[in-house]
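For reference, the structure discussed in these notes is given below.
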Amino acid sequence: WQGWREHLVLGVGMENFNIVFNKNFPPIIYEDEGSQVWFDRAHNVIFDRGVTTGALGLAIYLAFLFYPGWLFFKVYRDNPQKRNAAIIFLALIVAYFIQDLFIFETIVTYVLLFFTMAFFAAVVLPKSAVDAPTPDRKLIYGITAVIYAVLLGPILWAVNFLPAKANLAAAAALRIEEKAENFFPITEQYKKVLELGTYGKKEYRVKYIDFVGWQLANLGAVSEAVKPVVADADEQVARQLAEFPYDAKNWLLAMRHYNYTYAVDPATKIQRLEKALSFFEKLKDLTPTRPHIYQEAGYTHLYLARTYREQNQLALADEHFNDAEAMFNQAVALNPRVIESFTNLMMLYLDRGQEEKVPELINRMRELKVLGNDDVFLARAADLAKTSERFLSVAYLSQERINLNASNVGAWIDLALSYAYRGQKAKAIETANKIRSFGDAYATQVETFIKNVNSGVYNQKR
């Protein structure tokens, strides 16, 4: 309704519902991690037609539905011989409208509608009382047959066969197992699909760009043979944005692509990340209330911070760390029920070494009633702390897990390791001895661990 009011009379245009939805995205509907939540229909004919064609288009559409209904009602009232047919078809129109309040039109629903309208036109629609001149039917049929014969082949090729060929090629790409040795066969298959240039190219591009990004994310520098594929994916991103500039999904796709592939060439890390960041303002204009865009921008700033830290440009690194924190906090502010946003903040604090903020974040989640008794987040946070070698945070998070479940063996093991890595040998051994109570299966591991503690194996990471 908010979007419709901006274009009340004429709407935003057919197939443009997603533009209004993205601009007025309700953050509350996004809760599950990784969920994209894209919509291109309102699942309600009043808003579908109202938003896309405005009040004028909606009125015309409803007239198209209810004018036949009115005439069927008149047949029911005035023509007893056709009363049964009038009841059936009037009921079909009403049923069609009621179902359209909850779903949207598809081929299946159109079949019923068009047969109803055909019956209406043949049997009920008032006939003209004016005597029109009889046309030369043979001439009309002949001309129509010639036009049909000339156009049938090109139409079948462009509308049916070529898209079917592209679909088969795309399906072949999806069937190939996604492993390292199949990277080039799959990308070549996608290139063949895109070269066909059918009306499904928007979706095929998304699949291709996402595939390249998913395969190269976290790999770091790639071989020279892979770089042309990255360049081609970059080009496809540019084409997607040029051809469909008002779809927020494409701008988020572009940002995510450059975030995934920023490290493919050490010489262009910063340029690729700055390219990713360049899409953010457009995204904020198209969908300002979508938490995803702030999460993605937060990743970009985080990667820039890490890169500048590697180059010992600490002032720039701090600036981007701060920007990343602001972005992740904005995502939390839009919908604090999304655990992913808190995971991003936890990752940031551990990466930056701000371990004092870890307990603050946990307390904040409890105040917002997001964490509860959920051990999943705490376990993931503990894994992040171990990866970052932030063993003070490992100890804190492990103790929190133990407080929730005193028989959590994994948490006890992490706690013992955190003491060992921080040089607190007595506490490490004391905690290890507590693990013995969980059964003989841990006895050998405990003995080995205590021996390593006493011999100084863990001192190197102190």
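Per-structure values
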{"quantity": "Using alpha-carbon coordinates, inclination of helix 183-196 to the longest axis of the chain, degrees", "calculated": "20"}
{"quantity": "Accessible surface ranking that places the most exposed of Val264, Val457 first, with a 1.4 angstrom probe", "calculated": "Val457, Val264"}
{"quantity": "Cα-based reach from Lys202 at 28 Å (exclusive), listing lysines while leaving out same-chain residues under 8 positions away", "calculated": "Lys23, Lys165, Lys179, Lys191, Lys192, Lys227, Lys249, Lys269, Lys275, Lys282, Lys284"}
{"quantity": "Solvent-accessible area per residue for the chain (1.4 angstrom probe, square angstrom)", "calculated": "54"}
{"quantity": "Exposure of Asp440 as accessible area (Å², to 10), given a probe of 1.4 Å and all protein chains", "calculated": "140"}
{"quantity": "Between 0 and 90°, nearest 10: helix 443-455 axis offset from the chain longest Cα axis", "calculated": "60"}
{"quantity": "Residue-averaged 222 nm ellipticity for the chain, from DSSP H runs of 4+ at -39500 (n - 2.57), nearest 500", "calculated": "-22000 deg cm²/dmol"}
{"quantity": "Net charge dipole size for the chain [Lys, Arg +1 and Asp, Glu -1 on Cβ; Debye, nearest 20]", "calculated": "720"}
{"quantity": "Percent carbon-and-sulfur accessible area, the stretch 372-462, ignoring ligands, DNA and RNA, probe 1.4 Å", "calculated": "49"}
{"quantity": "Accessible carbon and sulfur surface of the stretch 32-103 relative to its total accessible area, %, 1.4 Å", "calculated": "68"}
{"quantity": "Per-residue SASA entry for Arg5, accessible area with 1.4 Å probe, Å² rounded to 10", "calculated": "140"}
{"quantity": "Nearest 10 degrees, 0 to 90: helix 291-310 Cα axis against the chain principal axis", "calculated": "40"}
{"quantity": "Hits among lysines - C-alpha to C-alpha of Lys451 under 27 Å, sequence gap 8 or more where chains match", "calculated": "Lys386, Lys425, Lys427, Lys434, Lys461"}
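The values are calculated or read from the model by the stated rules, or taken from the named source; none is laboratory data. Everything numeric in this text was worked out from a predicted model, so none of it was measured. So basically every Cβ, Gly included, is an ideal-geometry build from the backbone, and we count neighbours across all protein chains shown. Just so you know, the surface numbers come from the protein's heavy atoms only, side chains and all, with ligands and any DNA or RNA stripped out. Shrake-Rupley method; radii C 1.70, N 1.55, O 1.52, S 1.80 Å.
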